[in-house]
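**Q** Before I ask anything, let me first share the structure, which is written out below as structure tokens.
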Amino acid sequence: MSAQKRRRGGDADSADLEDVEDHEDDKEESGMIDSDDAEGDEEDGLSSNKALRREHQADVHAAGADDSDDDEDDDEDDGRDELDKADECGKVKKIECTNFMCHRRLEVNLGRHINFITGQNGSGKSAIVAALQICLGLSARNTKRGSKLSNLIRHGSNADAIVAVELLNEGPTAYKPDLYGPVIRIERVLKPSGTSSFRILNAKTKKCVSTQRRTVDDMVSRFNTFVDNPSCILDQETSKTFLRGSAKDKYNVFMRATNLEALEHLFLKEEHERARAKAALEERKKNFTIFEDKLQVVKKEIQQVDGLENHEQNLKQAKNELVWIKAQRQQDKCKVAEQEYERLHSKTEAKRKDMETYQQRVDEAEAGYESFRADVEQKQQDLVAQEDKVKRTEATLVELGKKQRAISKQLTAGKRLIQHLEDDHKKKDKERANLARDAQSRNEQKFKEAQRLREEIDEKTKDREELASRAEIAQQHMSNRHVSEDNDEERLRDLQQQLSDKKREHSQLEQNLRSLKDSAQDPKMAFGKDLPHVLNLLERNKDRFSRMPVHIGLGCKLKDQRWRIPVEHHLRNTLRNFVVAKNSDYLIMKDLCSQARIQCPQTVIMKFQDARHSIPEGRRFRSNIEGVFSFEDVLEIQDPNVYNALVDSAQIESCGLCESSTKATQVAFEDQPQGLNRLYDTHANCYQVRKSGSHYKQSGPQNRNWPPFFVNDTREFQNEARESMRIVSGDIRALENQVAQTMRAIKKQEEHFAQLRQEFNHCRRRKDALESQIEDLNSRLDRAEADVTNDDSINIKRDSLTQMMENLEADIAEKRESLRRLEGDRADLESEMEPLKAQCAQLKKQEELKREALEESHRELKRVRMTSEQDVVKLQRAQESLKKWEEREKVKKEEFDLLDTALKRARTAALQFTNGEEIDVTNKDEAEVKAAIEASQKALHQDRQQFEEQYGGDSVAVIKERLMGKYDRLKQDKKAEKAKIKYHLDILGRFKKSNRLRVKKTLDLRSFVEERMQKIFESNLSYRNHSGSVNIDQENGTLNFTWAKSGDSQMSQTQASQEVKDAGQLSGGESSFTSLAFLMALGSVMKSPWRVMDEFDVFMDQDNRKLSLELIVDAARKPSKLTNKCQFILITPHDVSSVAGAPDVHKIRMRPPESDFGRAQQTTLS
């Protein structure tokens, strides 16, 4: 290793050290190193295991601080049985004392929930607490019953004292249940010498599993039973200190109970360890600097030794460079030739690529030409087929035209025949008229008188008929008047009914507009104006329901507004319903609505499964048709119970939606996909899909839901409702006008009826007079006609002409009927020809378009052909150019090969001179290299003389080896010192990370504890109908209460403010009850299977003691996530008969104290 490289290595080490120091704060490793001071003694009972347990308890609290406060009010039944089993672990089943304190032998069996231990002072109640603490590992000093364990042995006895506790061990959190079984028995033997021993047994098999204290500590940590924590065991001294102590005493109890005190001790110990680590780091840095100085001295000596070697190497290097400079000159020539060859080669390759490109273009043009030609042929065939279609259509038109012309000819001939028959009819009529005139002329004289009589009779008859007609008209008008009157009255009733309908419609529109405005303010009111009130009722009374009722409409969201009308049409009744889990929930809901005087919404009673129904594929519709969707595709339903209710009530799993009615018809009547029973289009028209025959039902305006459920912005619907109201108002005004006009018309008709009756009576009287006159004239006419001679020949001829005319009329009618049939046939032909003419015109137009496309393809084919020919010419030119460049490349290649051979000979000679080493002589000048050779020879001579004078006769290699060994040893020492520095930096980084984590957890724990404790404290004070708060001053280390009455609602604000008191102003009973309320709140933050409270009511009067017992029992029965079914052991010298007996309450009464304490087993009351 040269001196320069070694120097770079040393600098790198220094840079690494600086980098480690700069990034000390960025360490990501977590955890604390073990302290040398972590060992504890038996007397104090503060071992490292207990410190870890306290840290574990603090972690439990900090984790709980992240949960929402609302979790403590959750009454969900799901998983409650499993949680109950888990909470059984660690509960005390039995406590036994032998020769302990005042007891010769004592056995106490405890209930799993609430236990009261009562008895007179001196009866040994508190000894039970001490036995529990000692058995679970606490020292005698911490029980405040003695300075050492031997003080707890019964007075006057020389035998060992034995305390035993049996703990339940069932559930998911059991401690090694395969070894210890369902019940663990812990025994501790106290010897008069002051020592003790443990035995941990399986209570069922009586087998001793362990005798290690560590096992007890692990078990206690597992069950979260911290016997030195006031929240777990509140002994007499702590209770009295808190009840009568100062604000600082209360703060100290608070800190111990929440383990914040233990965390502060850990912080202090951590700071001490951190200071020690910093001092050690500074010492290592000083040693590191000393090693660096020594290394620099050795480096300088090595550099002096290396100087001589450098001169020799420089001289050899200069000679080698001179040889390679000559070879470099030859290489430059070869390189120039090579570059020229490469240039020619690249040019040739470019020409070759051009030729290939042209060849490819020619091939592509040929392929394109063939493709275009095939396309032209195809278009030619299409044009021929189109011409055939046109010809066939034209032939059909020609054939139909022939039929039309034939029918036209028949029509013309028929018209001519009819004209001829009509002419014959006119002639016969004229002959009959002439015959009549002849007869008239012969009998003119005879008929004059008869004619005059007839005329007079006719005139009278006309007058009579006119009068009869007038009478009939008047009578008909009167009859029509009744019909018209009935019609007018019917029309009047219809108009009044329409007017009433319009007014109801106007009222409905006003109601809809109000509903729209309400739903715009609160979207929930779209499902009913009372829905917000109902939801508020349910939220306030949610604890009364087994499962909270769910509103179906609020649980659905529409993804696309175009499906709003059909979805609301199908679900309009179901969306307003609620879903409840049980019939009892429905009755509760109905009762709440009845009390609030609102109508109870319709309800679907269905078991909540919290998972969607499993529907067979044959009954479930899944759309794989474009434009057809299932209800599940357009509805977003998060709650599975809402989805199940829609499936059960509205069968949405078999309903579909379609974008158009045409598509819907095809799907319903033809496709009929599996699982589809009902299909709607966007207008809510319904298609009942049946294999036996589908059915269509049109939806009317009445099927529209109002107000709409799935619309956020109702302004458009409000404008629509206003416009509809305006139109209906106009209709109402028009109907009112029509009603008035109809009533006026009825009045006018009544007046006209009176006039008609008068006219009818007048005409009837005149008609009777004219009939008598006509009867007289007829008798006179009969006499006149009797004188007239009858002419039979004229009558026969006249009858013949009449018969002939009737025959002609029948022929004319028949021919006209035939003409009508021909006209119908011609109209049918014309209607048949019209679409054919349109089709023919369309086919001709398509033929023209195809002809134009064919011509365009011909032009494109010609252009492609011309392009192909041009590319062929370019390809030939490229081939000629490539041939020329290839010849030039060949000549330059031969020249390069000659120069390359000369270069190889020169390099071989240079390699032989330099022993196979190739030297880079770029930018080296031959004259400068020669001058360097002379200077190196001179400097080498001078250094050799100086070296011999300084180091004597040792060789350069020996001296250098000795210096290198010294350098390596110093470097290893420096590296070891650097590793130690990194180790200490790592420790400091861990300290810092651990400190950040602990500070965060402590702040979270403190915030959680204070917030939860304040809430429960206020709840506890409500037993006295009071309120209050806890004031914690962390800086001064004090804890105080404020207390106020809140029962009198008529108290003024000034009076209420005057009633606020601090702890010093409270009476004895108030102070004791307030302190107990705080202790209960403080205990609620401790997750422990049991709590012990000794003489908690020592300073209370009877009333406050009764309230306190109610508070404790209610708190014990009220579950929460931290204290669910916690076991309470309550010790008091007072009577607890006010506590009602219950299965979860267990009372134990101690015998009165005797001269020989604990002579017999105590009595247990249940």
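The values are calculated or read from the model by the stated rules, or taken from the named source; none is laboratory data. Quick caveat, the model's predicted, so the values are computed rather than measured. Positions of Cβ are generated from backbone atoms using ideal geometry, with glycine treated the same way; all protein chains shown enter the neighbour counts. Side chains included, ligands, DNA and RNA excluded: accessible areas come from the protein's heavy atoms. Shrake-Rupley method; radii C 1.70, N 1.55, O 1.52, S 1.80 Å.
**Q** Thr238: surrounded by fewer than 18 Cβ atoms within 10 Å (Cβ to Cβ), among the hydroxyl-bearing types (Ser, Thr, Tyr) and more than 50 Å from the chain's Cα centre (by Cα), yes or no?
**A** no
**Q** Arg141 passes all but one of (1) over 19 Å from Lys1147 (Cβ atoms); (2) surrounded by 21 or more Cβ atoms within 10 Å (Cβ to Cβ); which number fails?
**A** (2)
**Q** Another question, if that's okay. I'm trying to understand the selection: among the residues of region 953-995, which are within 30 Å of Leu268 (Cα to Cα) and among the small types (Gly, Ala, Ser)?
**A** Scanning region 953-995 gives Ala979, Gly989, Ser994.
**Q** Check Leu554, Leu571, Leu575 and return the single one that is within 27 Å of Gln688 (Cα to Cα), within 22 Å of the chain's Cα centre (by Cα) and among the aliphatic types (A, V, I, L, M).
**A** Leu575
**Q** Do we have any residue at all in region 337-354 that's closer than 30 Å to Glu860 by Cα and either part of a helix (DSSP H, G or I) or over 60 Å from the mean Cα position of the chain (by Cα) (or both)?
**A** Within region 337-354, one or more residues are closer than 30 Å to Glu860 by Cα and either part of a helix (DSSP H, G or I) or over 60 Å from the mean Cα position of the chain (by Cα) (or both).
**Q** Tell me whether region 1089-1107 contains one or more residues that are open to solvent by 10 Å² or more (accessible area, probe 1.4 Å), part of a loop (DSSP other than H, G, I, E, B), at pLDDT 80 or above and not aromatic (Phe, Trp, Tyr).
**A** Among the residues of region 1089-1107, at least one is open to solvent by 10 Å² or more (accessible area, probe 1.4 Å), part of a loop (DSSP other than H, G, I, E, B), at pLDDT 80 or above and not aromatic (Phe, Trp, Tyr), which makes the answer yes.
**Q** From Ser126, Ser150, grab the single residue that is open to solvent by 10 Å² or more (accessible area, probe 1.4 Å), of a type in the set (Ser, Thr, Tyr), under 25 Å from Pro230 (Cβ atoms) and assigned to a helix (DSSP H, G or I).
**A** Ser126
**Q** Sticking with this structure for a sec: Quick check on my filter: what residues within region 480-506 are of a type in the set (Ser, Thr, Tyr) and at pLDDT 80 or above?
**A** Residue satisfying the conditions is Ser500 alone.
**Q** Okay, next question. Tell me whether region 1075-1087 contains one or more residues that are crowded, with 23+ Cβ neighbours inside 10 Å, among the polar types (S, T, N, Q) and at pLDDT 80 or above.
**A** no
**Q** Can you say whether Arg1024 is surrounded by 17 or more Cβ atoms within 10 Å (Cβ to Cβ) and within 16 Å of Met255 (Cα to Cα), as far as the supplied structure shows?
**A** Considered against the rule, which asks whether it is surrounded by 17 or more Cβ atoms within 10 Å (Cβ to Cβ) and within 16 Å of Met255 (Cα to Cα), Arg1024 comes out as no.
**Q** If you check Ile186, Ile162, which single one turns out to be open to solvent by 20 Å² or more (accessible area, probe 1.4 Å) and either touching a strand residue (DSSP E or B) at 6+ places or on another chain (Cβ under 9 Å) or in a helix (DSSP H, G or I) (or both)?
**A** Testing whether each residue is open to solvent by 20 Å² or more (accessible area, probe 1.4 Å) and either touching a strand residue (DSSP E or B) at 6+ places or on another chain (Cβ under 9 Å) or in a helix (DSSP H, G or I) (or both) leaves just Ile162.
**Q** Separate question: Given Ser623, Ser630, which one is touching a strand residue (DSSP E or B) at 6+ places or on another chain (Cβ under 6 Å), modelled with pLDDT of 85 or more, hydroxyl-bearing (Ser, Thr, Tyr) and within 20 Å of Gly656 (Cβ to Cβ)?
**A** Ser630
**Q** For region 517-547, how many residues meet the condition of being at pLDDT 70 or above and open to solvent by less than 40 Å² (accessible area, probe 1.4 Å)?
**A** Total meeting the criteria: 10.
**Q** I would also like to ask the following. Are there any pairs with C-beta distances below 9 angstrom linking a residue in region 591-612 that is under 25 Å from Leu646 (Cβ atoms) to a residue that is of a type in the set (D, E, K, R) and open to solvent by less than 40 Å² (accessible area, probe 1.4 Å), with the two at least 6 apart or on different chains, and if so which?
**A** Short answer, once both residue conditions are applied: Thr603/Asp585; Ile605/Asp585.
**Q** Look through Ile233, Ile200, Ile186, Ile162 and report the one residue that is touching a Cys at 6+ places or on another chain (Cβ under 6 Å) and under 24 Å from Asn99 (Cβ atoms).
**A** Criteria check complete, one pass: Ile186.
**Q** Can you tell me which residue is nearest to Ala668 (Cα to Cα) among those in region 611-645 that are among the charged types (D, E, K, R), surrounded by fewer than 19 Cβ atoms within 10 Å (Cβ to Cβ) and under 19 Å from the mean Cα position of the chain (by Cα)?
**A** Asp633
**Q** Might you check whether a residue that is modelled with pLDDT under 75 and acidic (Asp, Glu) occurs anywhere in region 935-943?
**A** yes
**Q** Considering only region 667-686, state which residues are within 13 Å of Val628 (Cα to Cα) and surrounded by 16 or more Cβ atoms within 10 Å (Cβ to Cβ).
**A** Val667, Ala668, Pro673, Leu676, Arg678, Leu679, Tyr680, Asp681, Thr682
**Q** Any chance region 812-829 includes a residue that's among the β-branched types (Val, Ile, Thr) and within 60 Å of the chain's Cα centre (by Cα)?
**A** No: zero hits.
**Q** So which residues in region 881-914 are of a type in the set (S, T, N, Q) and more than 30 Å from Gln313 (Cβ to Cβ), if there are any at all?
**A** Ser881, Thr901
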